[in-house]
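To start, the structure under review is shown below, and the notes come after it.
Every number here is computed from the coordinates shown, using simple stated rules; none is lab data. If you're wondering where the values come from, they're calculated on a predicted model, not measured in any experiment. With ideal geometry, Cβ positions are generated from the backbone for all residues, glycine too; neighbour counts draw on all protein chains shown.
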There are 2 protein chains.
Amino acid sequence: MDIERLVKNSVKDVENYKPGKPISEVKRELGLSDVYKMASNENPLGSSPKALKALKRELKCLNRYPDSGCFYLKDKLSKILEVRPENLTIGNGSDELIALTLRAFLNHSEEVIVAKPTFLMYELYSRIEGARVKVVPMKNFKYDLDAIRQAVTEKTKIIFIANPDNPCGTYVNRVEVERFLSCLPDNVIVFHDEAYYEFMDVEDYPQLISSINRRPLIISRTFSKVYGLAGLRIGYGIASPKITEYLNKARDPFNVNSLAQAAALAALDDGGFVKKSLELNKRGREYLFAELQRLGLEFVKSWTNCIVVKIGRNAADLVNYFLKNGIIIRNMSAWGLGEYIRVTVGLEKENRKFIRLLGNYLLNSEQ
Amino acid sequence: MDIERLVKNSVKDVENYKPGKPISEVKRELGLSDVYKMASNENPLGSSPKALKALKRELKCLNRYPDSGCFYLKDKLSKILEVRPENLTIGNGSDELIALTLRAFLNHSEEVIVAKPTFLMYELYSRIEGARVKVVPMKNFKYDLDAIRQAVTEKTKIIFIANPDNPCGTYVNRVEVERFLSCLPDNVIVFHDEAYYEFMDVEDYPQLISSINRRPLIISRTFSKVYGLAGLRIGYGIASPKITEYLNKARDPFNVNSLAQAAALAALDDGGFVKKSLELNKRGREYLFAELQRLGLEFVKSWTNCIVVKIGRNAADLVNYFLKNGIIIRNMSAWGLGEYIRVTVGLEKENRKFIRLLGNYLLNSEQ
């Protein structure tokens, strides 16, 4: 039975995405009872309490299919964002918006432009869909929009911009993005991934919603980060009604589960939890910046909830050392940064343990 | 901004799937307080109580991404099914298995064979992926495997078989399916959709798991039906390790939410709920058969939890009459059966109200 003859070429050689290990897996495999996960940019405070409460009320209806139209969530989001429900696509995580964009718009062998290092799913999904992927290196860990613009050809169909970026935590500002958009041909779709949007308390962060009817543009956001609902899988896209119509044609009618819809709806009312989460993150990030500096390590100044740190050739070894000591952090080799790690800002005790272990490791490796 | 120039041709003209209306929508739009949904083949008893209990324990971890590998669920399923975890793909509903199969294996303009009337998603997803779709009519509301085999050409890549079928509720037996498989070229993938598998208490239902390593074959099952977890979105595929590897390459690494994983795991232990659900369904089905006969209506003898009933040219009007009176049933026009409706077997009181309304309607329309 020769299955390799049957599989699509674009899928055959795709490398599997390697997510941060789940806490249960590390406990099971290493026999540890207490494990901190600082690997996947999750909210260390937990989930929005209002979301959890709302979700419980839905448990009695789980025998029913979810609302395919996500009526109540779209209604509420449209009021908050000052758009129409016809501008919104709800996804099984904002990851799904990436997949839907490719599925609706990318013809085989058209070109996609991605940065490096950036969110790995852009390239992964693009390859699955048979895209030619052009990779444009970042400049000092920041999106190089000039180089991306210069890389555009007649074949270019979609450009993915993570803003702020994951893993780097850097951003490109309003003036930079608007200049970039104004120079692009109008047959190129820009996917502006704002998964970490809520972390951006700066005045010059781009506000692109007003541009969705002016050019092909899809803005994506998620409930996985600051709202603490990564386990439920829910995110959304904002785009013109016509783009939205096609994204919705490409999706499974029941892509978003009922509990995710109920939880996201309630989370939008939980300003208190968002505020607390952002404050905790900011304090933790400042603490980690100061301690990394004290330890003499280079790192990227992040605006989000993760920090890329240069370790040197021992980076993979360090990740293992952390794992054995009950902290999951991220090896950056999948991003082509073998000498770096990425750590998610945690609770105070998690950040302190991270720094303590890091100090110990550096001390021992110097000897 | 000319988006129609940018969208893929295969997506542009796809018709949206029209699901059964959610109860909340009917209440909202018609101002009704009490609505019975007998439109989407859901479990009228609710969800497995063990599943609901297990799911609650996971609520404290929703800030974490789901386990991408679905370790515990695959482990348990593999023991029950006597396969290996490497044979299993977990999907965001078994619908996703259909999409993954096409995404991993179907090259643009290869051919897919589907029956008619059958589950609409096969054709819908196939069109999105750019397949040529060959439609083979059923024979007396039953899959015509001989005709399907004769429709196979060199271009044929995937054949979808719903067994038992939805909407018809009929099945093709072991001898028929095995003869069919033995005559197929081994470069054709058979997708054997067993969403209603648990309802089949007949001895000659095909047992195909032993064939997964003999030919390209994907068996799909779901937790949406007898386990009552449609709202959570979880199903699975059983196939050879190589096919499974490629299905997994084509999926989003976080496609299955954490609560669905926990609930499905526990539901597999809830034999009591399954038994009760199947008994309720059988009683309800017998009652409906007898009453439909009494009313002089033609219907398809179903083995599952839904019944296709011939109404005549008033079928659409009947569906509206039911809606206004608080029962959601399914118009069959999307299946090309404008004179038929599909009703899901409900609770006793739901079945009785359905028959009462149907009797009233027929009486009034005779006058």
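Beta bridges per DSSP, both residues in the stretch A:50-267: antiparallel share near 35 percent. In the elastic network of chain A, a GNM with C-alpha springs shorter than 10 Å, the most mobile of A:S211, A:S78, A:S182 is A:S182.
Pull out a ≥ b ≥ c, the square roots of the eigenvalues of the alpha-carbon gyration tensor of the stretch B:35-115, then state rounded if a/c is under 1.5, prolate if not and a/b is larger than b/c, and oblate in the remaining case. Because a/c hits 1.5 or more and a/b fails to exceed b/c, the stretch B:35-115 counts as oblate.
Convert 37 °C to kelvin, take the viscosity as 0.692 mPa s, use the Kirkwood radius over C-alpha pairs of the stretch A:100-225 as Rh, and evaluate the Stokes-Einstein diffusion coefficient in µm²/s, rounded to a whole number.
225 µm²/s
Applied to the stretch A:212-229, the Karplus parametrisation 6.51 cos²θ - 1.76 cosθ + 1.60 on θ = phi - 60° returns per-residue 3J(HN,Hα) values of 5, 9, 9, 8, x, 8, 10, 9, 10, 9, 9, 9, 7, 9, 5, 7, x, 10 Hz, with x for Gly and Pro.
Full extension of the chain segment joining B:E154 with B:K276 gains 39.3 nm, where the gain is 0.36 nm per residue of separation less the Cα-Cα distance. Comparing mean-square fluctuations of B:C306, B:C168, B:C61 from a GNM of chain B with C-alpha springs under 10 Å, the top value falls on B:C61. Counting pairs of alpha carbon atoms under 8 Å apart in space and at least six apart in sequence, what relative contact order in percent does chain B give? Relative contact order comes out at 24 percent. Give me the Debye-computed log₁₀ of I(q)/I(0) at q = 0.13 Å⁻¹ for the stretch A:263-367, equal point scatterers on Cα only, no solvent, two decimals. Results for the stretch A:263-367 at q = 0.13 Å⁻¹ read -0.51. Calculated [222 nm] ellipticity per residue, helices only, for the protein assembly as shown: -11500 deg cm²/dmol; basis is -39500 (n - 2.57) per DSSP H run with n ≥ 4, divided by all residues, nearest 500. Using C-alpha pairs under 8 Å with a sequence gap of at least 6, the mean separation divided by the residue count of the stretch A:261-367 gives a relative contact order of 24 percent.
Say each of B:D204 and A:N364 gets a label point 7 Å from the Cα, pointing the same way as Cα to Cβ; how far apart are those two points in nm? Between B:D204 and A:N364, the simple spin-label model gives 6.8 nm. With labels modelled as points extended 7 Å from the Cα through the Cβ direction, what inter-label distance (nm, one decimal) is found for A:S33 paired with B:A316? With each label placed 7 Å out from Cα toward Cβ, I get 6.7 nm.
For the stretch B:50-267, calculate the relative contact order in percent as a whole number, restricting contacts to Cα pairs under 8 Å that are 6 or more residues apart.
30 percent
From the P(r) of chain A, can you give the percent of Cα pairs sitting at distances over 25 Å? Across chain A, Cα pairs with separations above 25 Å total 56 percent. In this calculation the C-beta distance from B:K18 to A:S333 is compared with R0 = 51 Å, giving a FRET efficiency of 0.65. Considering only Cα atoms, the convex hull volume of the stretch A:50-267 works out to 114 Å³ per residue.
Annotation: amide H of A:I218 within the under-5 Å range of A:V190, A:F191, A:H192, sequence separation 5 or more or interchain, hydrogens built in the peptide plane. Each peptide in A:339-350, B:349-360 gets a packing score, the mean of other Cβ atoms within 10 Å over its residues, and the list from highest to lowest is A:339-350, B:349-360. When A:N213 is represented by a point 7 angstrom out along its Cα-to-C-beta vector, the spacings to that point in the other copies are 6.1 nm, nearest first. Between the residues B:I98, B:I209, B:H192, the greatest Cα displacement towards the positive end of the dipole of the stretch B:50-267, with unit charges on the Cβ of Lys, Arg, Asp and Glu, is found for B:I98.
The loop-placed trypsin sites (Lys or Arg not before Pro) in the stretch B:161-239, going by DSSP, that have at most 16 neighbouring Cβ atoms within 10 Å of their Cβ come out as B:R214.
Here the Kirkwood formula puts the hydrodynamic radius of the stretch A:188-268 at 13.9 Å, using every distinct Cα pair.
With the label put 7 angstrom out from Cα along the Cα-to-Cβ vector, A:Y72 ends up 2.8 nm from the copy partners, going from closest to farthest.
Look at the dipole of chain B built from charges on Cβ: of B:V35, B:T304, B:I80, the Cα furthest out on the positive end belongs to B:V35. Label-to-label distance, A:Y72 versus B:R283, with points set 7 angstrom from Cα along the beta-carbon direction: 3.2 nm. Take each residue in B:185-198, count the other chain C-beta atoms within 10 Å of its C-beta, and the mean is 1. Considering only Cα atoms, the convex hull volume of the protein assembly as shown works out to 155 Å³ per residue.
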